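Asks: Below is the structure I would like to discuss, written out as structure tokens.
The values are calculated or read from the model by the stated rules, or taken from the named source; none is laboratory data. What you see is a predicted model, and the numbers here were worked out from it, not measured in a lab. Counting neighbours? That spans all protein chains shown, and the Cβs are built from the backbone with ideal geometry, glycine included. Heavy atoms of the whole protein, side chains included, go into the accessibility calculation; ligands, DNA and RNA do not. Shrake-Rupley method; radii C 1.70, N 1.55, O 1.52, S 1.80 Å.
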Amino acid sequence: MTLQEIEQLVFAEIIRVTTAKELEEVQHTYLGRKGHLTAILRGLSTLSLEEKRTIGEQANALRVRIETALKEQFGKLEGKGEEKFFDITFPGKKVVTGHLNPLTLILREIEDIFISFGFSVVEGPEVETEFNNFDALNIPANHPAREMWDTFWLKPENQKLLLRTHTSPVQIRYMMTHEPPFRIIVPGTTYRYEATDARHEMQFTQVEGLVVGKDVTLANFKAVIEAFFIRLFAQKVEIRLRPGYFPFVEPGVEVDATCPRCKKKGCELCKFSGWLELGGAGMVHPNVFDAVKYNPKEVQGFAFGIGAERFAMIKYGIPDIRLFRSGDLRFIRQF
Ligand code: PHE
């Protein structure tokens, strides 16, 4: 066979074959030890110098093109033509699904419970003004009560914007744009410039509550928080209100519930006291109503602030608050 003849036949044959085995035969016919092209390459030594150069060059170029075409076709035919055993009873590959962070889980649960109580869910920005976070909440500049919040100021030279230290500024935002009566909860991220440990994080999540209307009382609050806690932990609890100070409520209280784990007997979780602290609450201070142009003689309200991580820690038995945002997949995958 001449180079021209080879060229005319080989490429057509390569594309025509339908199995790898047939392709191997084509390869053998042209490039094998006794193949047509091999014969030409072998015969080069008998030719004149001039012929050696031209024919040799052409033959080698053709070999490269044949090899490329073969390679491509082998790729296409891979696995074709062979009978494969396929066991249809074999279990499928497990599909990897994502997980919700336990914090998201608990927030959704908390929201669902309050929605069923007739509350609306409201949100506010994480960067707040000094006015909303402090002044309007009856915490004026230089008042010692500001010490209760370790604050991230955004611009030290212009102390007007900050990362909110609690969700209470959303009380102000909401009241400035809405008229009572209403019931809202405000889930959201809050920030404190704090040394962290197993129970304290710089970034954490609060759920604020605010109910304003005529004849709203602290007894109403106690009933709401008790019903909430019973729903969340699916068991009977007692609620205890202790006097507590927050500038934006009067009277202010600290809210405790009987420990859902040991049922008041005393355990690690409640530090053997039988009681768990849930958060702060109280009746909205008249100065706060003044700041949002409500008439404190006409409306009353209660407000509360609870920590969402705390509830997830109690409910799911999570020992350290820093785990929530650690990004540790071993932690996340348990939920
Ligand atoms: N904002 C308070 C805090 O973060 C909690 C609170 C909210 C207390 C509403 C009373 C009323 O500490």
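Asks: Taking only protein heavy atoms into account and a 1.4 Å probe, give the accessible area per residue of the chain in Å².
Replies: 58
Asks: While we're looking at this one, here's another question. Enumerate the calculated ³J(HN,Hα) couplings along segment 22-33 in order (Karplus 6.51 cos²θ - 1.76 cosθ + 1.60, θ = phi - 60°), each rounded to whole Hz, writing x wherever the residue is Gly or Pro.
Replies: Those phi angles translate into 4, 5, 4, 5, 4, 4, 5, 4, 9, 10, x, 4 Hz.
Asks: Okay, moving on. Hey, can you grab everything whose amide H is under 5 Å from the amide H of Val249? Only 5+ residues off in sequence or another chain; H modelled, so Pro and N-termini drop out.
Replies: Result for Val249 returns His285.
Asks: Let me ask something else about it. At a probe size of 1.4 Å, how large is the accessible area of Cys259, to the nearest 10 Å²?
Replies: The value for Cys259 is about 0 Å².
Asks: If you plug each phi of segment 283-295 into the Karplus form 6.51 cos²θ - 1.76 cosθ + 1.60 with θ = phi - 60°, what whole-Hz ³J(HN,Hα) values come out, in order, with x for Gly and Pro?
Replies: Working through the residues one at a time gives 8, 3, 5, x, 5, 5, 4, 4, 4, 9, 6, 9, 8 Hz.
Asks: Taking the Cβ of Ala234 as the center, what net charge do the other residues with Cβ under 14 Å away carry, scoring Lys and Arg +1 and Asp and Glu -1?
Replies: Around Ala234, the surrounding residues sum to +2.
Asks: Between Glu226 and His143, what FRET efficiency comes out of the Förster formula 1/(1 + (r/R0)^6) with R0 = 25 Å and r the beta carbon distance, rounded to 0.05?
Replies: That gives a FRET efficiency of 0.15.
Asks: While we're here: Please compare each pair in Lys34/Lys84; Lys214/Lys315; Lys214/Lys236; Lys236/Lys264; Lys265/Lys315 to a cut-off of 23 Å on the Cα-Cα distance and tell me which ones are over it.
Replies: Over 23 Å apart, Cα to Cα: Lys34/Lys84; Lys214/Lys315; Lys214/Lys236.
Asks: If the reach is capped at under 13 angstrom between alpha carbons, list the aspartates and glutamates near Lys155, excluding any in the same chain fewer than eight residues apart.
Replies: Glu128, Glu130
Asks: Next question. For segment 34-44, take each phi angle, set θ = phi - 60°, evaluate the Karplus expression 6.51 cos²θ - 1.76 cosθ + 1.60, and give the result in whole Hz per residue in order, putting x for glycine and proline.
Replies: 10, x, 4, 6, 4, 4, 5, 4, 5, x, 4
Asks: Given a Förster distance of 25 angstrom, what is the FRET efficiency for Glu194 paired with Asp328, based on the Cβ-Cβ distance and rounded to 0.05?
Replies: 0.75
Asks: Now for a separate question. Which residues' amide hydrogens lie under 5 Å from the amide hydrogen of Phe152, considering only partners 5 or more residues apart or on another chain, with H built in the peptide plane?
Replies: Hits under the 5 Å cutoff: Leu163, Tyr193.
Asks: Beyond 39 Å, how much of the Cα-Cα pair distribution for the chain remains, as a whole percent?
Replies: 44
Asks: Separate question: How large is the helix-only mean residue ellipticity at 222 nm for the chain, computed as the sum of -39500 (n - 2.57) over DSSP H runs with n ≥ 4, divided by its residue count, in deg cm²/dmol to the nearest 500?
Replies: -11500 deg cm²/dmol
Asks: Follow-up. Ignoring ligands, DNA and RNA, please state the percent of accessible area on the chain from carbon and sulfur, probe 1.4 Å.
Replies: 54
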